Amino acid sequence: MKSQKLIGNLMLLVAALLWGTTFVAQSEGMDHMGPLTYQATRSILGGLFLLPIIAIFDKLKKKKGTYSPTSAEKKKKTFSVGIICGIVLTVAALLQQYGIALGTTSDKAGFITALYIVLVPIYGLFLKKKVHPIVWASVGIAVLGLYFLCIRGDMTILPCDIVTLLCAVVFALHITVIDNLAAPLDGIRISCIQFFTSGVISGIAMFIFESPSLGAIMDGWISVAYAGILSSGVAYTLQILGQQRTEPTVASILMSLESLFAVLGTIVFTAFLGKVQLPTVREWIGCALMFTAIMMTQIPDLIKKKA
């Protein structure tokens, strides 16, 4: 059980790393196409990427003799949960993109979006899930760390920021839905269905509200490929698999590390260009607070182990 939780936490860390390094790709992609076109193409690509992965895993299970046919009832539930996750993810992603398009700066958007780490345990209270006081304290420290990492100007709330805040509300709902519905099901299949659902919804809206062109998509193909395969196909699948192995509040804190990885990604990217851009003192403080919050989430387990 402990090893499974560790594996789950590592999965969520990798997901946060991939999301954190996608900000540059997302910004580049949005230079060539609208939010709906971008969301549709990256989601469809994410779903297509997972189809051979599912086939490979099934083949390996058959070879090991651990494969068992899925019942009709389980297939139906997997399909239903995948569609629900896809709808929620679509709303969350589009709210974030439109919030940025309407004027929310990327640093403020990162902070506001990551406020889902506060909302997830609050949602859990309505579902009668207890959160250890130490974990609540770690949530507060993580929020403070995110503030130091993300906010460089003032915190004046604008209409565009409210749209981004709604994004955080829906992302928290996405985490909660996965925690409550996806646990006994095939996480990779749920993720695949999730992306095709998002791709279809965004694709229909794309033709209604935007004027997509193949040329524009090809101009931003590197961004779409990176976001579709790594940020969507890999990272969101790791989110589902990771959440199946750890508590939702701890999962939300681990996933919020994407802001920290965005800072570290900037260091690597600027170093590659020969112009190293080291974090400011403010960002180092934010990193230290986020690391402290992550360490604190492990304390309740250590207490249980000694008891």
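Readers should treat all values here as calculations from the given coordinates under stated rules, not as data from a laboratory. Note that this is a predicted model, so its numbers are computed, not measured. So basically every Cβ, Gly included, is an ideal-geometry build from the backbone, and we count neighbours across all protein chains shown.
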Relative contact order for the chain: what is it in percent, counting Cα pairs under 8 Å that are at least 6 residues apart?
-> 41 percent
Cut-off of 10 Å, at most 11 other beta carbons, DSSP loop: longest stretch of the chain lacking such trypsin sites (Lys or Arg not before Pro) | 131-274
Roughly speaking, what is the centre-to-centre gap between segment 76-99 and segment 200-218 when only Cα atoms are used, to the nearest Å?
-> 18 Å
May I ask which of 5/304; 5/61; 76/130; 76/304; 128/304 have a Cα-Cα span longer than 26 Å here?
-> 76/130; 76/304
Expected max-MSF residue from 82, 228, 34 in the GNM of the chain (alpha carbon, under 10 Å) is 34
For 174, 32, order by how many other beta-carbon atoms lie within 10 Å, fewest first = 32, 174
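Please rank 278, 230, 18, fewest neighbouring Cβ atoms within 10 Å first, as an exposure proxy.
Least crowded to most crowded, the residues run 278, 230, 18.
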Build a GNM of the chain with springs between Cα atoms under 10 Å: which of 17, 257, 48 gets the top mean-square fluctuation?
-> 48
Neighbour-count order for 246, 297, fewest beta carbons within 10 angstrom listed first = 246, 297
Highest-fluctuation residue, 58, 186, 219 considered, GNM on the chain with Cα pairs under 10 Å = 58
Applying 1/(1 + (r/R0)^6) with R0 = 51 Å to the Cβ-Cβ distance of residue 213 and residue 74, what FRET efficiency is obtained, to the nearest 0.05?
-> 0.80
Which of the lysines could be linked to residue 108 by a straight reach, that is with a Cα gap under 27 Å, when you skip same-chain ones fewer than 8 residues away?
-> 275
